[in-house]
Structure formats: structure tokens, C-alpha cells
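Enquirer: A single structure is presented below for examination.
What follows draws every value from the coordinates through simple rules; no lab data is involved. Just so it is clear, the model here is predicted, and its values are computed rather than measured. Neighbour counts run over all protein chains shown; Cβ positions are idealised from the backbone, glycine included.
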Amino acid sequence: MSKYMNVGTGLLILGILWILFWLGPAMPLYEADIRWGHNFVMPILFITVGIAYYSRCLVCQFFAVISSFLTVPLFLAIWWYADVLYISIALLAILIIFYLLERTGKFKILQPNPRLKAWEKIHFLNFAYLGLAHMPLIFFLVRWGLTDTSPFLLVEHEMSTSIFNITLLILVPLATMERYVKKIGNFSVPRIVFVWTILMIIFPMISIILLGE
């Protein structure tokens, strides 16, 4: 199992549990105010980037970049969440199709010249991680100062949400480092990043249990 302890698996678990949380105990919040619907979009982005982590197909990684950059910083701020949700699901579906085709070993697409291909292999996943970093940046730089008249985004000052966004800001450089550094002394960097993604789930839950928010 140790080979699956990495940021890719961590993002997949994080995304799946986030969706289950909002389909379950958090659903009353959405029913009371459908602007909470952005919480159905964001876990899809984690799942998309998590699958792209396991893919060597540059097209898959490219769609992860498009999904993480466009749906978070742009569309969620100016479009109704349902439209963004459909776009995110479509991008995820396309990525999965290309990933499955890649697994057959008979399908090759997006084969640029060697120099460009090397550049894309180096940077595509990094760009996808940076796209995810827009979540906490928008939260701290925009949503904290909103009035409650925004048609698309709510004001959120809950401790659990703040903790999650702080941990996500820390995850992005850790996930980027994991691509280039596998060991620090006796410690496995992929395992450290995996454990951090799990703590990103645990810390906000502790806050909700202790503080009620």
C-alpha cells in the first residue's frame, strides 16, 4: 500500500469525502442557501487533479490544469455554481476517458516535439496544483471582505473553513516538492504529503466538534 501513499491518492480521498460530507450531514446548509453549491464543484477538482497525478498522458494533465484554473478563480466568481459544476464534471469525464484510453497502451495524443514535451511533463501538474491554490487565495483575499449580497459566494468566517484553506495553502508547495524530492533523511516525502492531505480532513472536523464551526 505504501506506493499509493502520495498526493494523488490523498487528493482522491479528500475529494470523495468532501462530496460525501456535503451529500450527507452538510446538505441542510445547501438546502437553506444554494450558494453553498460551490462545495460540490471543488471536490471534483481534487478528484480531477488526483487522477491526473497517476496519468502519464499529457492530455490528462492538461485537462487537470484547465479544470483547476478556470473553474476556481474565474467561473465560481462570476457564474452560477450549477453551470460550473457541469463544466467540472465534463472536464473530469474527458480526463477519465483519455486516462482509460492511455491504459490500453494503444492510444497516443498530444505528442509535441521533445523539448516542449519535456517542459509539459515538468510543469503541467505544477500548474494544476497552483490552480488549486486559488481556493484559499479567493477565500482569504475576497470572500472575507464580501457583504452577504453576493449572488454567487457566501461570506465565510468559520474556523473549520479557515483551517482547511490554510492547510491547502501548505499542501501546494508540499505537493510540488514531492515531484522532485522523494526522501528527506529517513522520511518519505510522498508519505508526508499523503498524511498531510488526511490531516486536512481531520483538523476541520476537530474544529467542528470542539467549536461547532
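Enquirer: Please list 3J(HN,Hα) in residue order for the stretch 8-18, calculated via the Karplus relation 6.51 cos²θ - 1.76 cosθ + 1.60 where θ = phi - 60°; whole Hz, with x for glycine and proline.
Expert: The phi angles translate into x, 5, x, 5, 4, 4, 4, x, 5, 5, 5 Hz.
Enquirer: Right, here's the next one. Under 13 Å from the Cβ of T9, count the other residues' Cβ atoms, weight Lys and Arg +1, Asp and Glu -1, and hand me the total. Provide the component values of the computation, followed by the final result.
Expert: Working: positive: K3, R191; negative: E178.
It works out to a net charge of +1.
Enquirer: If you don't mind, another one. Quick one: net charge of P114's neighbours, Cβ under 14 Å, K/R +1, D/E -1? Spell out each step's value before the answer.
Expert: On the way: positive: R115, K117, K121; negative: E120.
Result for the local shell: +2.
Enquirer: Please compute the net charge surrounding P204, taking Lys and Arg as +1 and Asp and Glu as -1 over other residues with Cβ under 15 Å from its Cβ.
Expert: Working: positive: none; negative: E156, E158, E213.
The answer is -3.
Enquirer: So how far apart, in nm, are the two label points at I89 and K3 if each is 7 Å from Cα heading toward Cβ?
Expert: Result: 3.4 nm between the two label points.
Enquirer: Additional query: Per the Cauchy relation, a quarter of the hull surface: what is the mean projected area of the convex hull of the alpha carbons in the chain, in nm²?
Expert: Working: hull surface 52.8 nm².
Its Cα hull, projected and averaged over all orientations, spans 13.2 nm².
Enquirer: How far apart, in nm, are the 7 Å Cα→Cβ label points at F140 and L100?
Expert: Between F140 and L100, the simple spin-label model gives 4.0 nm.
Enquirer: Rounding to the nearest 20 debye, state how big the charge dipole of the chain is about its Cα centre with +1 on each Lys and Arg Cβ and -1 on each Asp and Glu Cβ.
Expert: Numbers: 14 positive and 10 negative charges, 282 e Å.
Here the chain has a charge dipole of around 1360 debye.
Enquirer: Something else about it: Two decimals, Cα atoms only, Kirkwood Rh: what is Rg/Rh over the stretch 2-106? Provide the component values of the computation, followed by the final result.
Expert: Values: Rg = 14.5 Å, Rh = 14.3 Å.
Answer for the stretch 2-106: 1.01.
Enquirer: Simple spin-label model, 7 Å along Cα-to-Cβ: F152 to L210 in nm?
Expert: Distance between the two pseudo-spin positions: 3.5 nm.
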